[in-house]
Amino acid sequence: MNYHPTHIGEYFQQGKSNNFIVAQQNGHATLGQAAKILSKKFGMKILAKQLEGLASEWHHAGSFRGRGRKVYFLTPTQIEGFTSEDVNRLAQNTQTATPSLGWITKFQTDYTGRYGRKRCYPIIGRVGEFTPQEVVRAGDKFHPLSPTELELCKRREGCQLPPYCDDFTQAF
């Protein structure tokens with residue numbers, strides 16, 4: 001199926017992006033579906049979170065009003081290529097993964113001006129330890145820190161950053 005533009009009203013009805021629908025029609029499985037298939041194949045419980053690091057394709061799905069979410073896909077050949085050793089390695093990696101120190105950039109919205117214009121500006125969001133899954137989901141919003149920098153950054157949590165800046169020391 002070829003891509004075709006969709007009117008914004010249709011997005012609310014279908015609840016998925018066009019690329020999401022095309023991926024489903026091409027036979028790609030979501031991580032939840034792949035986890036069910038692999039659980040039956042190997043006779044052990046496999047979670048979709050364990051497969052997240054292996055997915056190279058994702059598309060938007062869910063509500064477009066507040067926040068869209070990413071849905072990861074695996075092709076049928078990727079699913080068939082899994083062995084029980086791969087699944088055991090994934091299970092061990094998720095159980096023994098060490099947390100990472102760092103901070104995540106968040107955005108604060110402010111309505112200013114005569115006409116109530118919306119202005120978003122970056123702030124230092126959460127500071128502390130993050131699981132590997134949280135680091136992957138944050139993407140380029142995650143900034144690693146050393147243990148000595150962590151204490152300094154905690155004092156500046158919630159402070160505004162200059163535009164296009166990812167250095168927490170510039171937040172005053």
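The values are calculated or read from the model by the stated rules, or taken from the named source; none is laboratory data. Remember, it's a predicted structure, so these values are computed and weren't measured experimentally. Positions of Cβ are backbone-derived with ideal geometry, glycine not excepted, and every protein chain shown enters the neighbour counts.
Worth pointing out:
- Test: G113 is surrounded by fewer than 13 Cβ atoms within 10 Å (Cβ to Cβ), more than 21 Å from the chain's Cα centre (by Cα), of a type outside the set (A, V, I, L, M, F, W, C) and at pLDDT below 70: yes
- Residue within the range 98-113 that is farther than 23 Å from R69 by Cβ, among the acidic types (D, E) and touching a helix residue (DSSP H, G or I) at 6+ places or on another chain (Cβ under 9 Å) present: no
- Hits in the range 38-55 (condition: touching a strand residue (DSSP E or B) at 6+ places or on another chain (Cβ under 9 Å) and either modelled with pLDDT of 90 or more or among the small types (G, A, S) (or both)): A48, A55
- For the range 125-172, the set of residues classified as under 11 Å from I104 (Cα atoms) and acidic (D, E) consists of E129, E134, D140, E157, D166, listed by residue number.
- Subset of the range 134-172 that is assigned to a loop (DSSP other than H, G, I, E, B) and of a type in the set (G, A, S) - its residue that is surrounded by the most Cβ atoms within 10 Å (Cβ to Cβ): A171
- If the condition is being touching a Gly at 6+ places or on another chain (Cβ under 7 Å) and either in a helix (DSSP H, G or I) or under 14 Å from E157 (Cα atoms) (or both), then the range 117-133 contributes I123, I124.
Quick grid of which residues meet (1) within 18 Å of the chain's Cα centre (by Cα); (2) modelled with pLDDT of 85 or more; (3) within 30 Å of D167 (Cα to Cα):
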site: H7; (1), (2), (3): no, no, no
site: N18; (1), (2), (3): no, no, no
site: K36; (1), (2), (3): no, yes, no
site: F64; (1), (2), (3): yes, no, no
site: T75; (1), (2), (3): no, yes, no
site: I79; (1), (2), (3): no, yes, no
site: D86; (1), (2), (3): no, no, no
site: P99; (1), (2), (3): yes, no, yes
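- Any pair with Cβ under 6 angstrom, 6 or more apart, that starts in the range 80-99 at a residue that is under 22 Å from E129 (Cβ atoms) and hydroxyl-bearing (S, T, Y) and ends at one that is at pLDDT 75 or above and surrounded by 12 or more Cβ atoms within 10 Å (Cβ to Cβ): T94/Q50
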